[in-house]
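Novice: Below is the structure I would like to discuss, written out as structure tokens.
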Amino acid sequence: MEEGGQIQFDPNAPPQGPMVIGAALSRTISAENSAANPDRPPAEARVVVIGNSSFVADGLSDQQLNGDLFLNSVNWLSQEGDLTLSIRPKTAIDRRITLNAQQQAVLGIGSVLVLPLIGFGLAAIAWMRRR
């Protein structure tokens, strides 16, 4: 809060966003290193700082792409190639439906006989109304 031109901290006020969850910093190491071997590009120091490690804990690593954030951070730190961020494809979930014989019969009869009969019935009603 601001009173008389001074900023005061109010612990009950909600925090203003956006919030920084992490930072990635890089810095080129001194030119002395690159002068010794002109064929190599200058060395670079990198650091990634993220609030805490709970975002990559077992239960949270698959939520909100936390695992991708961690793996991309480690990949960037390794300096094995400056690829852009990547998001791994989601694993396919087995979504097969298991029906017993009675459920299969009801589903088959319903889709082959009942639904077409309803369609023909509604078409007949619409045809008779237009006559």
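The values are calculated or read from the model by the stated rules, or taken from the named source; none is laboratory data. Predicted model only: the values in this text are computed from it and were never measured. So basically every Cβ, Gly included, is an ideal-geometry build from the backbone, and we count neighbours across all protein chains shown.
Novice: Being modelled with pLDDT under 80 and either of a type in the set (S, T, N, Q) or in contact with a His (Cβ under 7 Å, 6 or more places away or on another chain) (or both) is the filter here, so list the residues in segment 1-35 that pass it.
Specialist: The answer is Gln6, Gln16, Ser30, Asn33, Ser34.
Novice: Does any residue in segment 46-67 that is in the same structural domain as Ser30 (by TED's automatic domain parsing) come within less than 7 Å, Cβ to Cβ, of a residue that is in a loop (DSSP other than H, G, I, E, B) and among the hydrophobic types (A, V, I, L, M, F, W, C) six or more places away or on a different chain, and which pairs are these?
Specialist: What qualifies is Ile50/Ile21; Gly51/Ile21; Ser54/Leu60; Leu65/Ile87; Asn66/Leu60.
Novice: Could you count how many residues in segment 55-81 are of a type in the set (Gly, Ala, Ser), at pLDDT 75 or above and either part of a loop (DSSP other than H, G, I, E, B) or surrounded by 12 or more Cβ atoms within 10 Å (Cβ to Cβ) (or both)? Show your work before the answer.
Specialist: Let us first name the residues in segment 55-81 that are of a type in the set (Gly, Ala, Ser), namely 57, 59, 61, 67, 73, 78, 81.
With the extra rule that they be at pLDDT 75 or above, the set shrinks to 57, 67, 73, 78.
From what's left, either part of a loop (DSSP other than H, G, I, E, B) or surrounded by 12 or more Cβ atoms within 10 Å (Cβ to Cβ) (or both): 57, 67, 73.
Residues in segment 55-81 being of a type in the set (Gly, Ala, Ser), at pLDDT 75 or above and either part of a loop (DSSP other than H, G, I, E, B) or surrounded by 12 or more Cβ atoms within 10 Å (Cβ to Cβ) (or both): 3 in total.
Novice: Okay, moving on. Filter segment 41-75 down to residues that are in contact with a strand residue (DSSP E or B) (Cβ under 6 Å, 6 or more places away or on another chain) and farther than 17 Å from Arg27 by Cα, then give me how many there are.
Specialist: Step one: of segment 41-75, the residues in contact with a strand residue (DSSP E or B) (Cβ under 6 Å, 6 or more places away or on another chain) are 42, 44-50, 73.
Restricting the remaining residues to those that are farther than 17 Å from Arg27 by Cα gives 50.
Summing the residues that are in contact with a strand residue (DSSP E or B) (Cβ under 6 Å, 6 or more places away or on another chain) and farther than 17 Å from Arg27 by Cα in segment 41-75 gives 1.
Novice: Test Thr98 against the stated conditions and say whether it is outside any helix (DSSP H, G or I), modelled with pLDDT of 80 or more and among the polar types (S, T, N, Q). Give the steps one after another, and end with the answer.
Specialist: On the way: outside any helix (DSSP H, G or I): yes; modelled with pLDDT of 80 or more: yes; among the polar types (S, T, N, Q): yes.
Criteria met by Thr98.
Novice: Check segment 36-43 and report whether any residue there is in contact with a Phe, Trp or Tyr (Cβ under 9 Å, 6 or more places away or on another chain) and either at pLDDT 75 or above or within 15 Å of Ser73 (Cβ to Cβ) (or both). Explain how you work it out, then say what you get.
Specialist: Kept after step one, since they are in contact with a Phe, Trp or Tyr (Cβ under 9 Å, 6 or more places away or on another chain), are these residues of segment 36-43: none.
Within segment 36-43, none of the residues are in contact with a Phe, Trp or Tyr (Cβ under 9 Å, 6 or more places away or on another chain) and either at pLDDT 75 or above or within 15 Å of Ser73 (Cβ to Cβ) (or both).
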